[in-house]
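Nothing in this text is a laboratory measurement; each read-out follows from the coordinates by a stated rule. Every value quoted in this text rests on a predicted model; they were computed, and no experiment measured them. Every residue, glycine as well, gets a Cβ built from its backbone with ideal geometry; the counts of neighbours run over all protein chains shown.
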Amino acid sequence: MSVGTPTLRQDAREKVTGAATFPADLVPKDALHAKVVFSNQPHARMRSMDTAAAAGAAGVVAVLTAADVPVNEYGLTAFDQPVLVGVGSNERVGVAVDVSRWEADHVAVVIAETPEHAAAAAALIEIDWEALPVVADLTEALRDDTILHPEVGGSNTYHTLKIRKGDVEAGFADAAVTIEQTYRLPHQEHAYLQVEAATGWIDHDGRVSVETSGQWTHEDAEQIAHALDLPLDRVRVRYATIGGAFGGKEDMSLQIVMALCAVRLRDLGINRPVHCCWSREESIIGHHKRHRGVIKARLGADRRGVITAVEAEVWLDAGAYNYTSTKVLGNAHLSVAGAYLVPNARIDSHAVYTNAVPGGAFRGFGGPQGTFVAESQMNRLAEALRIDPVEIRRRNLLEDGSEGITGAIMPKGVTLRQVVDACADVASTSEPLAAAPLFSPIATLPAEAAAVRRGRGFAAGYKNVGFSFGFPERCEAEIHLHGDAEDEVPVSADIFHGGAEVGQGAHEVFCQMTAEATGVPRDRVRGHFSDTATSGDSGSASASRLTWMAGNSILGAAEEAEKAWRNGERPAVGQFCFVAPPTESLNPETGEGNPNFSYGYMAQAVEVSVDVETGHIRVDRVVSTHDVGKTINPALVKGQIEGAVVQAHGYVLSENLVVEQGRIINPRLSSYLIPGIGDIPEHVESVVMELADPLGPWGARGMAEMPYITYAPAVIAALHDATGVWFSEFPLTPSRVLATLSDDAATDSLFF
Amino acid sequence: MIPAAFDYERADNAEHALSLLAEHGDEAKLLAGGHSLIPLMKYRLAVPSVLIDIGRIGDLSYVNDGGDALHIGALTRHRDVETNELVRSEAPLLARATSSVGDPQVRHRGTIGGSLAHGDPASDLPSVLLAMRGSVIVTGPSGSRELAADEFFTGFLETAVGPDEMVTEIRIPKAPGAGWSFQKFNRRAQDWAIVGCSVLVDGDTCGVGLVNMDIRPVRASAVEAAVASGADAASAAESAAEGSDPTSDLNASAEYRQHLARVLTKRALEEAGKSSA
């Protein structure tokens, strides 16, 4: 048996020895080097650009501009972004290509003998810009004084989702208590260890090829093919070892421009590969972030805490381009009422263009924003009614057969009640909290018993597994079984799969599932991954979907290969494309529809210590409880839980991206503070439950985003428990915590 | 993020280092552990055309018993200071503060003399020198001179060390029975202090050095005076930010730093009071 065992991940040795080759390690010997020139203009129209000096500079081979791009547009869900901003119309493009809407819009690519030559030449490019009004944030965007994408419509608010369920007025009229609050959510930077890097070349079959790191090889290839006007089969994308993605490599960074370089070099008769690696600063400025936003919410409940109505209005700052904003918005929309029975609801959610860094995919994909509000509202309700936070959830939880917020019956296997109960049990939430332990010497401060308050917080939720809202959801796998004609059973197997190994351990899991499905021992399974030339379309490494979707594709391919094996074929080849149950986009007026086919359920209990004289917070204990359906690899599941908690810890406590007038002020890891080893929670207890998803492979559910999603509201609730003060925005930097504590009249006497 | 080009010279001993300094003048900088200078060079805040590497001068790494004071060679690494038995028994405040500098990698490379000569208000060790009323031996072509802590730090990243001089020794008065405390607040463990505070209470005298509360390392004179006149910790600490001029940045506003100075000083005075023999 391979599924369910903590096999050593297939890339463990190469990663710990440093032998693994990330994209920046793969610089071919004869490579040219590219510098991608950013506009550095949050909003401006290009009058002219002079590249003559750059083109004539030492070591320069070519300077590419907008005129070099056949179809100068791209975007995962809408073609609303020029590949290279520049002058000269392009009749095949919908978006005005001479306007920079983001400081990191690309304006040119300099190809030179060395990175130094390329950088020096890039500085010689002269651009005449006509300044346009910068739409700095949601407040300015909602005025619609300046419309950033007139081709999309007459408002910066370019996408709205609605839910109209029951009778909201009646619901609030029935409420004994109403909780009303506005919440503000911050950006978050992905901060993957490995910055964007790529190599472009023409492969032996003449294909335009890019080796990089991403989350979906086939989608990268489609984006390249569109912009370069190439047939899809003339484009090849493969992934090197990927040093983290978290949604931040879902969209294009270097893919299209490096393919463009390869094509133009070929046109010039230069048969050399071209390489580019961004600096950390370029990475932080040059890729999207978790959306910042504002959410107004109202929650009504009867005296027992049973929800009577929910109202919410969500605004996400999409930044300069859509990226995946409309889809992220959908997840915020679905989660903002929580995983509860809500008889009456009115929810309006909007994506809004600004000149800030684009918002896009990031672990949880809108779920963290929506769930933060839903769970903060529920915790405030519990306090208002003096009902235990766990108990009040028990009175409202979705169950099997429940109607979800969009009117559809929940997919079978709703296990939130079991998850909540298990979390409360392990965390002993009904017991009093122990006294504050000493602040550890590494975490900033010694004990000052008089100033330390302790508190406990709870949050629960759900997150869809797989693509939503009718997006085609399929995944291909191919398995080859090897052996002699007389062998009863295969002696070895090959698995060909496109799914991206972004650090989560997907490829090991694919090998384990192949072993399990074929009966071949794990150590006789060989994996061949993430190359459009050898593997079918897997869909992306996102939405907690890969184990679920790839597992089902592998089961199908194994069955096909088994048939071939019984027919005497050697190798016995099985190909399969798994198609998930269909989902629906929501009715534009009522929000009705069945958006998802599977969910994962989670609950977290968090204990914190707060130094009320400095605002410093330490998280002492986290109980993170998850129904994963079936554990494929227990070590990897635990790794995902602890990793997600640490990432969410940074989101709620320390990571403070400052974006002013369309510019990121702190694009460095010395001033954008991700948690270090001395800052993360002292104890994370992973509680893993295996309550099968009826449709999951071996019963598995997705789980990679879930431990992230409930952490912020749980910490905020614990902070309230400790201090008596509710926070409706974060990160909880010490100065913000201190200022909020001292602003609150109720706490004045306590602290000052 | 890449330093400008420079020439490299290695000094065999202090005399050699001084003659190289005399030769290259203002263009040269001394390189010890490299943990202050190299980051500055990477940011191009320092652009020396010559680096004189004094890191291999072995005879400037020592902790000696000088009678009333500890004599510590300028090139003694942080790790060797924090683990030195003499330092731990005679100047435990220095041992404690040194143990909170950076992380183990930094402490195995960085030196006490380099840290002090850098004159960084955000560094931990200047606050100790101020609180313990230590001094610095500076050696130049015409011999050595001893500078008290209060004379040593003159401005932002500026000290009283002349262009042809080098720090050769640090002297820390012994304070075996004194009460002491080192407090440090940072946004992230092992980062630079947002604010820090060193306190030494020895009988009636009290020394308070602050980290990151001005453009140079400063003493909280008003607190020292209040303690000397019999004020308790809480009321003495109220004047901790008096006369200070901390910066505002993304990590903390000046007002928040001033608040932290009061809180940390109160805690340090209380802890020092308890540890006093």
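Using a ≥ b ≥ c from the Cα gyration tensor of segment B:1-117 (square roots of the eigenvalues), is it rounded, prolate or oblate, where a/c under 1.5 gives rounded and otherwise the larger of a/b and b/c decides, a/b for prolate? Verdict is oblate for segment B:1-117.
Based on Cα coordinates alone, diagonalise the gyration tensor for segment A:62-116, multiply each eigenvalue by 5, take square roots, and list the semi-axes in whole Å, largest first. Walk me through the numbers on the way to the answer.
Working: eigenvalues 90, 31, 20 Å².
Equivalent-ellipsoid dimensions as semi-axes: 21, 12, 10 Å.
FRET efficiency for the residue A:428 to residue B:4 pair, using the beta carbon distance and R₀ = 60 Å, is estimated at 0.50.
Taking square-rooted eigenvalues a ≥ b ≥ c of the alpha carbon gyration tensor, is chain A rounded, prolate or oblate, where a/c under 1.5 means rounded and, failing that, a/b exceeding b/c means prolate? Since a/c reaches 1.5 but b/c is at least a/b, the shape of chain A is classed as oblate.
On the principal axes of its alpha carbon atoms, segment A:383-425 extends 32, 23, 10 Å, with the longest extent given first. Our summary gives chain B a relative contact order of 16 percent, counting only alpha carbon pairs under 8 angstrom and 6 or more residues apart. Entry note, segment A:531-589: relative contact order of 27 percent, from Cα contacts under 8 Å with a spacing of 6+ residues. Relative protection proxy for A:123-130, B:46-53, from highest mean packing down: B:46-53, A:123-130 (other beta-carbon atoms within 10 angstrom). Rounded to the nearest 20 debye, the dipole size of chain A about its Cα centre is 660 debye, using +1 on the Cβ of Lys and Arg and -1 on the Cβ of Asp and Glu.
Here the relative contact order of segment B:61-173, from alpha carbon pairs under 8 Å that lie six or more residues apart, stands at 29 percent. Kirkwood analysis of segment B:61-173, using all unique Cα-Cα pairs, places the hydrodynamic radius at 13.8 Å. Take each residue of peptide B:99-105, count the partner chain Cβ atoms within 10 Å of its Cβ, and average: the result is 1.
Each DSSP beta bridge with both residues in segment A:613-752 is either parallel or antiparallel, and the antiparallel ones are about 20%.
Each label point was placed 7 Å from the Cα along the Cα-to-Cβ direction; for residue A:491 and residue A:53 their separation is 6.9 nm. Here the Kirkwood formula, the inverse mean of 1/r across different C-alpha pairs, assigns segment A:249-295 a hydrodynamic radius of 13.0 Å. Computed from Cα positions, the angle between helix B:254-275 and the longest principal axis of chain B comes to roughly 70 degrees.
Under 1.5 on a/c is rounded, so check that first for segment B:7-53, then, if it is not, pick prolate when a/b is larger than b/c and oblate when it is not; a ≥ b ≥ c are the square roots of the alpha carbon gyration tensor eigenvalues. All intermediate terms of the calculation are to be shown ahead of the outcome.
On the way: a/c = 2.75, a/b = 1.60, b/c = 1.71.
Because a/c hits 1.5 or more and a/b fails to exceed b/c, segment B:7-53 counts as oblate.
In summary, the lysines within cross-link reach of residue A:29, defined as a Cα separation below 24 angstrom excluding same-chain residues under 8 places away, comprise A:15. Averaged over the residues of B:187-195, the number of partner chain Cβ atoms lying within 10 Å of the residue Cβ comes to 6.
Run through the DSSP bridge list for the protein assembly as shown and note the antiparallel percent, rounded to the nearest 5. Mind showing how you got there, number by number?
On the way: 134 of 173 bridges.
Once the DSSP bridges in the protein assembly as shown are tallied, antiparallel ones form about 75 percent.
Between the beta carbons of residue B:27 and residue A:736, assuming R0 = 60 Å, the FRET efficiency works out to 0.85 to the nearest 0.05.
Sorted from longest to shortest, the spans of the Cα atoms of segment A:1-145 along the three principal axes equal 63, 47, 28 Å. Across peptide A:605-613, the mean count of Cβ atoms from other chains lying within 10 Å of each residue's own Cβ comes to 1.
Could you order peptides A:707-713, A:56-62 by the average number of other Cβ atoms within 10 Å of their residues, highest first?
Details: A:707-713: 30.4, A:56-62: 17.7.
Descending mean neighbour count gives A:707-713, A:56-62.
Remark: spin-label model distance residue A:169-residue A:128 equals 6.0 nm, labels positioned 7 Å along the Cα→Cβ axis. For the residue pairs A:412/A:463; B:184/B:274; A:35/A:327, the C-alpha atoms sit more than 22 angstrom apart in A:35/A:327. Comparing B:144, A:58, A:142 along the charge dipole axis of the protein assembly as shown, the residue lying farthest to the positive side is A:142, per the Cβ-charge model.
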